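A short worksheet on the structure shown next.
Quick note: the coordinates plus some simple rules give every number you see, no bench work behind them. All values reported here derive from a predicted model rather than from experimental measurement. All Cβ positions, even for glycine, are placed from backbone atoms using ideal geometry, and neighbour counts span all protein chains on display.
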Amino acid sequence: MYGDQETIRRILTETGDTWAVVGLSSNRGRAAYGVAAVLQRFGKRVVPVHPKAETVHGEQGYASLADIPFPVDVVDVFVNSAQAGQIADEARAIGAKAVWFQLDVIDEAAYTRTREAGLDMVMNRCPAIELNSLGYA
């Protein structure tokens, strides 16, 4: 398991309200779209990060994490595992407090690097599912 219940609870309830969602586009058929909507309902500011830099759920999109001109608390990663480690490194570089790799996004080396750098991290979990299991959604 990559993320104990205390870490999951802390990220969801204490870490901060600005979540950059990497891979979020206006495609309603993608999991990122629905999860971002759940995060918004829970009071999170969802910042789309996608090469198209589209506005999604009323929030301006950015092509990369480095393009976001304000602090980000959590980076939620909806890209394939081969790209995820680079995104985790970029999250550290922009000063994020936590990284969340979605279901089936697994990079054990990135998990270790990110935790060793002092960030909270959850991997192969979905925040929408976790909010429900904690009784918040």
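Our estimate of slack between Ile106 and Ala66, defined as 0.36 nm per intervening residue step minus the Cα-Cα distance, is 12.2 nm.
Rounded if a/c is under 1.5, else prolate if a/b is larger than b/c, else oblate: which is segment 12-52, with a ≥ b ≥ c the root eigenvalues of its Cα gyration tensor?
Here segment 12-52 falls in the oblate category.
As a proxy for reagent exposure, Tyr111, Tyr2 were ordered by neighbouring Cβ count within 10 angstrom, fewest first; the result is Tyr2, Tyr111. Once you sort the root eigenvalues of the Cα gyration tensor of the chain as a ≥ b ≥ c, which label holds: rounded (a/c under 1.5), prolate (a/b larger than b/c) or oblate (the other case)? Judged from the Cα gyration tensor, the chain comes out rounded (a/c under 1.5). Distance between the 7 Å Cα→Cβ label points at Thr55 and Asp4: 4.4 nm.
Using +1 at the Cβ of each Lys and Arg and -1 at the Cβ of each Asp and Glu in segment 5-133, identify which of Ser26, Gly61, Gly16 lies farthest towards the dipole's positive end. Going by the Cα projections, it comes out as Ser26. Rounded to the nearest 20, the size of the Cβ-charge dipole of the chain about its Cα centre is 320 debye, with Lys and Arg at +1 and Asp and Glu at -1.
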